[in-house]
Amino acid sequence: MDMAVLASGYGSNLQAIIDAVERGEIKGRIKTVISDVKDAYALERARHHNIEAIYINPRDYPGRKAFDEAIAALLEERGIDLVILAGYMRLVSPVIIDKYRGKIMNIHPSLLPAFPGLEGVKQALDYGVKVSGCTVHFVDEGLDTGPIILQEAVPVYDDDTVESLHERIHQAEHRLYPQAIRLFMEGKLRIEGRRCFRDEN
Ligand code: GAR
């Protein structure tokens, strides 16, 4: 199966997925990495591993729909089976979601439904929770609302900063995202309404 990764930033989750593919843990290949940020380090990581790296400038399009139509066209041209959002800091519009329902995943740095949207780590710290974590979920039209695939809890310590907590959450993300992708590739994920079940077949 062919994957596309959409990333806006540093790309450490992309790297964890690349590593899992190279170790043979994920039976699929990353066909392309697409970014809305020209100098996103994620693009550099892709090039380093001989993966197609595409920058697409949102300013070249009149609005979100037209921008997402261009991305959908790229995905379709490449015959993508699974779309992976990895630190992609844009809302994805129905133009993409309708075509890839149940085939588009996101990772979020909190235990959803707590602290969706931007700055999930800061929101959790400011709220004062003792446990946060990360969530891999399928993407629907809402903001971080799609069926949850996997979650991992991470403790919050009294002396945590946003950076130290995010670092601990990142470590969990790097375990969780490849695992969710592996389950998808092996056909072990089943969605029923809001719930996603793991089939051992
Ligand atoms: C990750 O922690 C991911 O959960 C978060 O951005 C970070 C990207 O890190 N995503 C969101 O906040 C989405 N709302 P990375 O670029 O090193 O993979």
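The values are calculated or read from the model by the stated rules, or taken from the named source; none is laboratory data. As the structure is a computational prediction, the values presented were derived from the model and not from experiment. All Cβ positions, even for glycine, are placed from backbone atoms using ideal geometry, and neighbour counts span all protein chains on display. We work out accessible area using only protein heavy atoms, side chains counted, and drop any ligands, DNA or RNA first. Shrake-Rupley method; radii C 1.70, N 1.55, O 1.52, S 1.80 Å.
Helix 64-77 against the longest principal axis of the chain: what's the angle in degrees, Cα atoms only, rounded to the nearest 10?
70 degrees
Putting +1 on Lys and Arg Cβ atoms and -1 on Asp and Glu Cβ atoms, find which of Pro155, Leu176, Gly193 reaches farthest to the positive end of the dipole of the chain.
With unit charges placed on the Cβ atoms, the residue in question is Gly193.
Which trypsin sites (Lys or Arg not before Pro) in segment 93-152 sit in a loop by DSSP (not H, G, I, E or B) and have at most 10 other Cβ atoms within 10 Å of their own Cβ?
Sparse-neighbourhood loop trypsin sites (Lys or Arg not before Pro): Lys130.
Viscosity 0.692 mPa s, temperature 37 °C: Stokes-Einstein D of segment 92-201 from its Kirkwood Cα radius, in µm² per second? Walk me through the numbers before you get to the answer.
On the way: Rh = 14.5 Å.
In µm²/s, the coefficient is 227.
Please state, as a whole number in µm²/s, the translational diffusion coefficient that the Stokes-Einstein equation yields for segment 37-90 at 20 °C and 1.002 mPa s, with Rh defined as the Kirkwood radius across alpha carbon pairs.
Estimated via Stokes-Einstein, D reaches 173 µm²/s.
Can you divide the C-alpha Rg of segment 83-140 by 2.2 N^0.38 Å and report the result to two decimal places? Present the calculation step by step, with values, prior to reporting the outcome.
On the way: Rg = 12.5 Å, N = 58, 2.2 N^0.38 = 10.3 Å.
Its radius of gyration relative to the 2.2 N^0.38 Å reference: 1.21.
For segment 13-103, report the translational diffusion coefficient in µm²/s to the nearest whole number, using Stokes-Einstein at 10 °C, 1.306 mPa s, and a Kirkwood Rh over Cα pairs. Present the calculation step by step, with values, prior to reporting the outcome.
Details: Rh = 13.9 Å.
This corresponds to a translational diffusion coefficient of 114 µm²/s.
Between Lys130 and Leu74, how many nm apart are label points set 7 Å from Cα along the C-beta direction?
4.5 nm
At R0 = 35 Å, how high is the FRET efficiency between Leu118 and Asp19 if r is their beta carbon distance? Nearest 0.05 is fine.
The value I calculate is 0.80.
Tell me, what is the per residue accessible area of segment 87-201 in Å², probe radius 1.4 Å?
Accessible area per residue: 51 Å².
If each of Glu192 and Arg101 carries a label point 7 Å out from its Cα toward its Cβ, how far apart are those two points in nm?
1.9 nm
Please list the non-local residues whose amide H lies under 5 Å from the amide H of Ile54, H modeled 1.01 Å from N, same-chain partners needing a gap of 5 or more.
The answer is Val33, Ile34, Ser35.
In degrees, nearest 10, range 0 to 90: what is the angle between the Cα axis of helix 12-22 and the longest Cα principal axis of the chain?
So the helix axis and the longest Cα principal axis differ by about 60 degrees.
Quantify, in whole percent, the carbon and sulfur part of the accessible surface of segment 25-139 (1.4 Å probe; protein heavy atoms only).
On the way: 2890 of 5640 Å².
After summing per-atom areas, the C and S share lands at 51 percent.
Can you work out the Karplus-derived ³J(HN,Hα) for every residue in segment 137-150? Use 6.51 cos²θ - 1.76 cosθ + 1.60 with θ = phi - 60°, whole Hz, and x for glycine or proline.
Coupling constants for segment 137-150: 9, 6, 9, 10, 6, x, 8, 6, 10, x, x, 7, 8, 9 Hz.
Can you give the log10 of the normalised intensity I(q)/I(0) at q = 0.07, 0.09, 0.10, 0.19 Å⁻¹, computed with Debye over equal Cα scatterers of the chain?
With one equal scatterer per Cα and no solvent, log10 I(q)/I(0) is -0.19, -0.32, -0.39, -1.45.
List, in order, the whole-Hz ³J(HN,Hα) value for each residue of segment 34-46 obtained from phi through the Karplus relation with A = 6.51, B = -1.76, C = 1.60 and θ = phi - 60°; use x for Gly and Pro.
10, 10, 9, 10, 4, 9, 4, 5, 4, 5, 4, 4, 4
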